[in-house]
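Peer 1: Let me give you the structure first, and then I'll get to my questions.
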Amino acid sequence: MPAKKYIVSLTKEEQKSLEELTKTGKAAAAKINHAKILLKADINREEGGWKDQSISIALDTSVSTIEQVRQRFVEEGLESALNPRPRTYSPKKLDGEIEAHLIAVACSEAPEGSSRWTLRLLADKMVSLGYVDSISHESVRQVLKKTSLSLG
């Protein structure tokens with residue numbers, strides 16, 4: 001197995017503040033979990049740094065989370081490693097008006113050469129009509145499911 005790229009080496013002050021954070025329980029669960037990860041991964045402890053797999057089992061978290069916390073500690077510092085990144089959401093492409101057009105198209109006759117509309121055909125038709133620049137068949141499916149409209 002290759003050597004760890006991101007080695008956690010905590011100072012005594014950092015160790016003390018992380019231990020205090022984990023014992024008081026007065027923080028978000030993810031922040032406490034990240035503190036525990038850093039404490040177990042610290043190479044300056046008596047037992048040395050734990051392996052990611054052992055930390056994963058002990059804290060019931062994924063190895064990828066442990067790797068990300070290690071990396072953020074090394075690259076960005078303690079505060080960044082403790083606080084999980086905010087999740088980003090992309091805005092919906094379809095508003096009510098475009099959904100209404102999609103439903104109208106789905107209720108219309110199927111295109112020539114097809115016996116019925118498919119999700120992909122509907123997505124292509126919405127683009128060709130100029131309602132959207134692009135749309136996935138999955139987005140079409142979600143709109144149709146939300147309105148209890150089925151194809152077929």
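Peer 1: Taking the criterion of being among the acidic types (Asp, Glu), surrounded by 14 or more Cβ atoms within 10 Å (Cβ to Cβ) and either free of Cβ contacts under 8 Å to residues at least 40 places away in the same chain or in the same structural domain as HIS34 (by TED's automatic domain parsing) (or both), would at least one residue in the range 125-133 satisfy it? Let's see the steps before the verdict.
Peer 2: So the first thing to find is which residues in the range 125-133 are among the acidic types (Asp, Glu), and the list is 133.
Now restrict to residues that are surrounded by 14 or more Cβ atoms within 10 Å (Cβ to Cβ): none.
Scanning the range 125-133, I find no residue that is among the acidic types (Asp, Glu), surrounded by 14 or more Cβ atoms within 10 Å (Cβ to Cβ) and either free of Cβ contacts under 8 Å to residues at least 40 places away in the same chain or in the same structural domain as HIS34 (by TED's automatic domain parsing) (or both), so the answer is no.
Peer 1: Determine, yes or no, whether HIS137 is outside the structural domain of SER17 (by TED's automatic domain parsing) and either out of contact with any strand residue (DSSP E or B) (no Cβ under 9 Å at 6 or more places or on another chain) or without any contact (Cβ under 8 Å) to a residue 24 or more places away in the chain (or both).
Peer 2: On the way: outside the structural domain of SER17 (by TED's automatic domain parsing): yes; either out of contact with any strand residue (DSSP E or B) (no Cβ under 9 Å at 6 or more places or on another chain) or without any contact (Cβ under 8 Å) to a residue 24 or more places away in the chain (or both): yes.
The answer is yes for HIS137.
Peer 1: While we're here: Could you tell me which numbered condition ALA100 fails, if it satisfies all but one of (1) surrounded by 10 or more Cβ atoms within 10 Å (Cβ to Cβ); (2) within 30 Å of LYS125 (Cβ to Cβ); (3) under 21 Å from the mean Cα position of the chain (by Cα)?
Peer 2: (3)
Peer 1: Would the range 97-115 turn up any residue that is closer than 22 Å to THR11 by Cβ and in a loop (DSSP other than H, G, I, E, B)?
Peer 2: no
Peer 1: Something else now. Select from the range 20-42 the residues that are within 12 Å of ASN83 (Cα to Cα) and not in a helix (DSSP H, G or I) and write down the one among them that is farthest from the chain's Cα centre (by Cα).
Peer 2: Taking the candidates together, the pick is ALA27.
The values are calculated or read from the model by the stated rules, or taken from the named source; none is laboratory data. Quantities reported herein were computed from a predicted structural model and do not represent experimental measurements. In this analysis, Cβ positions are derived from the backbone assuming ideal geometry, glycine residues included, and neighbour counts consider all displayed protein chains.
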